[in-house]
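Contents: one structure, followed by commentary.
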Amino acid sequence: MNLLKAINNQLLYYNSTLGSKPETWFQAIVEPFLPTYFDNSQGGAYPHVPSSTPLFPIVIQFSWALPSDDNVFIDGLKSATKAIRQAAFANGQDVGGSKEILYPNNALEDTPLEQIYGKNVPKLRRIRQEWDPNNIMCLSGGFKF
């Protein structure tokens, strides 16, 4: 089964099982990047991984209205993501290891920092300690170093 079909199957499944709940929405966006996308990167917090093949990040979104549905939708989102990841591997896609980095704006709040910032986490922690020893920046939302 190709990856786009696997993504579509996940969305159809969750629409059929959760779509009757109020104000639900299920979407996946495949973003095509050229292989040269990171060629001019000077580095940064996000680990830009050079690639000889095009990158196609996938944004998977579930939306719902009721706070009482949070757990079922978040669990569904995690399950769908896992199934899509497994389908990518089954299709021979090279998306593991250093390429398996999640973009911070699209990652769930319980995502380990290493899955977002890769090997840059120790350096980012040192920078935070040096420039923000009182953890002022940790008072806001987002991922904490």
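Values in this text are rule-based calculations from the coordinates and carry no lab data. These numbers come from a predicted model, not from an experiment. Cβ sites come from the backbone with ideal geometry, for glycine too, and all protein chains shown count toward neighbours.
Points worth noting:
- At an R0 of 25 angstrom, the distance between the Cβ atoms of Phe38 and Ala107 translates into a FRET efficiency of 0.85.
- In degrees, nearest ten, helix 70-90 long axis to first principal axis of the chain (Cα): 80 degrees
- Inter-part distance where region 63-93 and region 121-145 are each reduced to a Cα centre, Å: 29 Å
- Helix 3-18 and the longest principal axis of the Cα set of the chain meet at an angle near 70°.
- When each of the peptides 66-73, 130-137 is scored by the mean number of other C-beta atoms lying within 10 Å of its residues, the order from highest to lowest reads 66-73, 130-137.
- Taking a ≥ b ≥ c as the square roots of the Cα gyration tensor eigenvalues, region 57-97 comes out prolate, since a/c reaches at least 1.5 and a/b is larger than b/c.
- Ellipticity estimate at 222 nm from DSSP helix runs (n ≥ 4, -39,500 (n - 2.57)) divided over the chain, nearest 500: -11500 deg cm²/dmol
- Once the Cα gyration tensor of the chain is diagonalised, semi-axes √(5λ) in Å: 29, 23, 11
- Set Lys82/Lys119; Lys82/Lys123; Lys78/Lys144; Lys5/Lys119; Lys5/Lys144 screened for pairs whose C-alpha atoms are more than 26 Å apart: Lys82/Lys123; Lys5/Lys119; Lys5/Lys144
- Cα-based values for region 106-145, radius of gyration first and Dmax second, are 10.5, 28 Å.
- Maximal additional length on extending the Val59-Tyr13 stretch stands at 14.8 nm, based on 0.36 nm per residue less the C-alpha distance.
- Packing here is the average count of other Cβ atoms within 10 Å per residue, and on that basis the peptides 3-9, 139-145, highest first, run 3-9, 139-145.
- Given R0 = 35 Å, the distance between the Cβ atoms of Lys78 and Gln129 translates into a calculated FRET efficiency of 0.65.
- Simple label model, 7 Å out from Cα along Cβ direction - Leu66 to Lys5, nm: 3.6 nm
- The shape of region 77-145 comes out oblate: with a ≥ b ≥ c from the C-alpha gyration tensor, a/c is at least 1.5 while a/b does not beat b/c.
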